[in-house]
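Novice: Quick one: the structure is below, questions incoming.
The values are calculated or read from the model by the stated rules, or taken from the named source; none is laboratory data. Please read these numbers as outputs of a predicted model, since none were measured by experiment. Reconstructed Cβ throughout: ideal geometry from the backbone, glycine too, with neighbour counts over all protein chains shown.
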Amino acid sequence: MQHVKVPQDRIGVLIGDGGETMREIESQAEVRLDIDSESGSVAIDSVGDPVTGLVAPDIVQAIGRGFSPEAALSLLNDEMRMFDLIDLDEQTRNKNDLQRQKGRLIGENGRTRQLMEELSGAEVVIYGSTLGIIGQPEEVEAVRRAAGMLLDGAPHGAVYSFLERKHNELTRGFDVSSD
């Protein structure tokens, strides 16, 4: 049995209308969820295929970190698809720095986050003090590197150029001449 902590304001999304989302996760991931809506603790017990059940904690955590249930359940569609989380608290000095860095990652009117999604092919959510990514390993790595560049202070233009190069590599196959 595994335990995942879900923020209070995401419990309702995890449970869904009349328990619909919870039942969907239980059925698709072959697990039983025991959700404590007071503490936000979710106990996950595998009841079917143990390999399928291994994805359930990531699904629950992804919903907890701001992804839609559909995006989180997509982790079951392809065994290569993965969920990754970057803790922005670890990369920032204080609350003001966290807000500034989140602003850099989100961009004006959400443009930077949107470009990270469009050019990498991954889904990207910034929630609280985390940046969550769902995608294929190379897509997740592209977002991770782009986020790292932004957190290290790289100009947005340089990050967009990097993402465009990665996008071209991912859509055309790998081009040996660029990194």
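Novice: Going by what's in this entry, would E24 be described as outside the structural domain of Y127 (by TED's automatic domain parsing), within 21 Å of the chain's Cα centre (by Cα) and more than 22 Å from L131 (Cβ to Cβ)?
Specialist: Judged against the criteria, E24 is a match.
Novice: Look through the range 57-87, keep the residues that are farther than 17 Å from A122 by Cβ and touching a helix residue (DSSP H, G or I) at 6+ places or on another chain (Cβ under 7 Å), and return whichever of them is surrounded by the fewest Cβ atoms within 10 Å (Cβ to Cβ).
Specialist: Applying the filter and picking the extreme gives P69.
Novice: Further question: Of everything in the range 106-129 that's in contact with a Leu (Cβ under 7 Å, 6 or more places away or on another chain) and surrounded by fewer than 21 Cβ atoms within 10 Å (Cβ to Cβ), which residue is nearest to H167 (Cα to Cα)?
Specialist: By that ranking, first place goes to G121.
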